[in-house]
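Beneath this line is the structure, given in structure tokens, with notes to follow.
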Amino acid sequence: GKTKVPPLVFTRPTDVSDAWFILNLLSAVPFLASLTYGHTMEVLEIANVEMFCEGEVVIRGLRRPDFLCVFWEGTCKEKVPNDPSGGSSRHPPCIWHAGDWTGPVSLQPDISQSARILPGESQPRDIIAVSKEGVKVITLSMTDLNRILKSGSKFFRKYLVVEQNQRRQGETTSFSSALSHANDSLIDVIHHNSVLGSLVPKQKRHLESLAEGPRYFPPGSLMWKLGDLVEFAFVVIDGTATLGKNKERTETKRMARRGSTGAIYNSLVSVEEQGGDREQFCPIEPVEPDKLLQNVQPNSEYARLETVLQFRMDEIELNPHIDRFANKVLARLYSRHAYTENLVFSRGNFLGDTSRMVSRDLSATGSRTSIGMGSTIGDHHKHTSNLVAGDEGCVVFVFPRSSLAPFLSNNPGVLLSLLGTQAVV
């Protein structure tokens, strides 16, 4: 028969630096970068480097859930099975380049690149080499890799616990029929967020290991309260939330507030009585009139923001341009302490005063040193608004400050994207 010509990837001789290249590629996979030196060496021992010619099957579909496959050199794609009806498959093939990987969803949260079974198909698709120069891949058995990860990665162990708890809650917990997505995973939810949805896979899995819940807030209940320390952040799974007053056990009094178009006028706000204490539940902390935006027309960007958030709540197709506009306006409102009750936050929105949350770690002591405009460090750690669950309630993932602040400290790019606002859509 015809002699098989080895691909060009065979011609590069092995080198002492190959181990470094392998570890560098594996470091992008969730949980592997958190392993100790000893466990990392165990991973290196079970890693197999294989090479394939153009057109060869790199890994069979039935074996994909059992292996982590990292692509070192060349390009691969899925082999689209023949459609019995004679037409083309409605699912286009996934393509991998050097540095990409596929495997079980625990290590590849991007469903399109994981070893998933597509609707209408009976098994995962085969992966074939398409580069003329050949393909080089790194494969690791999930049987051995799971053992190493369970032993050496606290984040992987936490991920398994979170996954088990979510599965148990999905079987036993029933929310309102209007909250049809209340049991979705964090990965599904942050896909709808312009910032968190752009995280790399290992950041997504790390963030998922920090999440608590899901937690349900009944309609009209306070999710956080004006004057409380910033101890939590939320990601909305289903339902809505708004910055405004609590609707339960309230009486009213008159004071000046800012409307949705920026005009300042007198209106009734709520006051709650609990044990004789009177706590003001107004949408924003009282601020000087010169800090508020005046003479803003109804067609201004602030009025448009309300419309954008309403569209998102109704689950229209996501538009990155609209998301960028909404986040910029939310940042301006935050800097002016100028929120309105008409801003409705929904699925995928991140709600948390990140600036005040991380400032507690930046302050060396708990002293009440003055920081600008007469406020104190103690005041700078507290909420300046009330967050209230919407008419159908609100289901959220909860992120405690004790775990979220270190995550943001280790990922400064994520921190910079979240600073300076109480909401990111």
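Could you sort 395-401, 115-121 so that the peptide with the highest average Cβ count within 10 Å comes first and the rest follow in order? Spell out each step's value before the answer.
On the way: 395-401: 22.1, 115-121: 15.3.
Descending packing order for the listed peptides: 395-401, 115-121.
Once the piece of chain linking Gln164 and Arg63 is laid out straight, how much longer is it, given 0.36 nm per residue of separation minus the C-alpha distance between them? Each step should come with its number before you reach the end.
Values: separation 101, 0.36 × 101 = 36.36 nm, distance 2.42 nm.
My answer for the length gained is 33.9 nm.
Using a probe radius of 1.4 Å on heavy atoms only, what accessible surface per residue do you get for region 19-86? Whole Å² is fine. Don't skip to the answer; put the middle values down first.
Numbers: 3540 Å² over 68 residues.
In whole numbers, region 19-86 has 52 Å² accessible per residue.
Percent of accessible area on region 13-167 owned by carbon and sulfur, 1.4 Å probe? Present the calculation step by step, with values, prior to reporting the outcome.
Numbers: 4220 of 7800 Å².
Roughly 54 percent of what the probe reaches on region 13-167 is carbon or sulfur.
Let a ≥ b ≥ c be the square roots of the eigenvalues of the Cα gyration tensor of region 23-171; is it rounded (a/c under 1.5), or, if not, prolate (a/b larger than b/c) or oblate?
Numbers: a/c = 2.60, a/b = 1.27, b/c = 2.04.
Judged from the Cα gyration tensor, region 23-171 comes out oblate (a/c at least 1.5, b/c at or above a/b).
Compare the peptides 202-215, 346-359 by average per-residue count of other Cβ atoms within 10 angstrom and give them in order, highest first.
Averaged packing, sorted descending, gives the order 346-359, 202-215.
Say the cut-off is 18 Å between C-alpha atoms; which of Lys154/Lys204; Lys77/Lys132; Lys79/Lys202; Lys158/Lys202; Lys154/Lys202 go over it? Don't skip to the end; give the middle numbers.
Details: Lys154/Lys204 15 Å; Lys77/Lys132 13 Å; Lys79/Lys202 27 Å; Lys158/Lys202 14 Å; Lys154/Lys202 14 Å.
Lys79/Lys202, as the Cα separations exceed 18 Å there.
Does region 11-78 come out rounded, prolate or oblate, given a ≥ b ≥ c as the square roots of the eigenvalues of its C-alpha gyration tensor, rounded meaning a/c under 1.5 and, failing that, prolate meaning a/b above b/c? Write out the running numbers ahead of the final one.
On the way: a/c = 2.25, a/b = 1.34, b/c = 1.68.
It comes out oblate by the Cα gyration axes.
The values are calculated or read from the model by the stated rules, or taken from the named source; none is laboratory data. Note that the structure is predicted; figures quoted are calculated from it, not measured. With ideal geometry, Cβ positions are generated from the backbone for all residues, glycine too; neighbour counts draw on all protein chains shown. The accessibility values were calculated without ligands, DNA or RNA, using every heavy atom of the protein model including side chains. Shrake-Rupley method; radii C 1.70, N 1.55, O 1.52, S 1.80 Å.
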